[in-house]
Amino acid sequence: MSGHNGVPAGLSTDELRAAVRAVLRDVLPAAVAAGPHPDVVEEVTLRTAGDLDSFVRRVAALCEDPVQRGDLQDGRRRFRLAGAESPTQAPQSIAPGVGGAGGVVRVDRGAVTERTVKKAAADGARLVVGPRAVLTPLARDRARSLGVRVEREER
């Protein structure tokens with residue numbers, strides 16, 4: 001269902017721009033897609049409930065800045081637990097709106113790209129697409145080829 005000028009109905013201009021950026025990041029080479037923001041991996045220590053509370057507040061503060069929020073969502077800003085057993089272990093990323101807990105990768109808004117589908121496949125999870133999210137054709141094809149179940153939520 002399309003709205004004015006072929007823009008999907010219900011998407012704001014900012015959401016459409018975010019969707020286009022996400023698609024371009026999947027299509028363009030990684031060096032070009034990363035743009036001027038290099039990946040940032042920050043080491044965090046979470047030993048107490050106070051540490052966790054401080055960390056969550058810090059992430060919430062980062063999310064107030066649109067650039068920082070975008071870096072978090074796209075995995076350009078990541079966090080690694082201090083003292084992790086293996087230094088080669090992949091950093092854990094926090095991506096608001098995208099989560100893989102309980103065998104589900106959920107996207108509430110923006111673009112669902114091939115990268116998101118690959119993450120769901122790697123996690124052995126199903127993909128839940130919210131009413132304000134757009135599933136790109138490449139992501140749909142990748143989900144089919146990887147056997148990822150895609151569920152669309154209605155409004």
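For this structure, a couple of remarks:
- Pick from segment 43-61, criterion over 14 Å from Phe79 (Cα atoms) and not in a helix (DSSP H, G or I), ranking: modelled with the highest pLDDT: Thr48
- Selected residue (criterion: nearest to Leu146 (Cα to Cα)) from residues of segment 115-132 that are surrounded by 22 or more Cβ atoms within 10 Å (Cβ to Cβ) and touching a helix residue (DSSP H, G or I) at 6+ places or on another chain (Cβ under 6 Å): Val117
- Here Gly75, Gly110 are screened, and the one residue that is within 20 Å of Val20 (Cα to Cα), at pLDDT 75 or above and in a loop (DSSP other than H, G, I, E, B) is Gly75.
The values are calculated or read from the model by the stated rules, or taken from the named source; none is laboratory data. The shown structure was predicted, so the numbers you read here are calculated from the model rather than taken from an experiment. For neighbour counting, all protein chains shown are included, and Cβ atoms are generated from backbone atoms with ideal geometry for every residue, glycine included.
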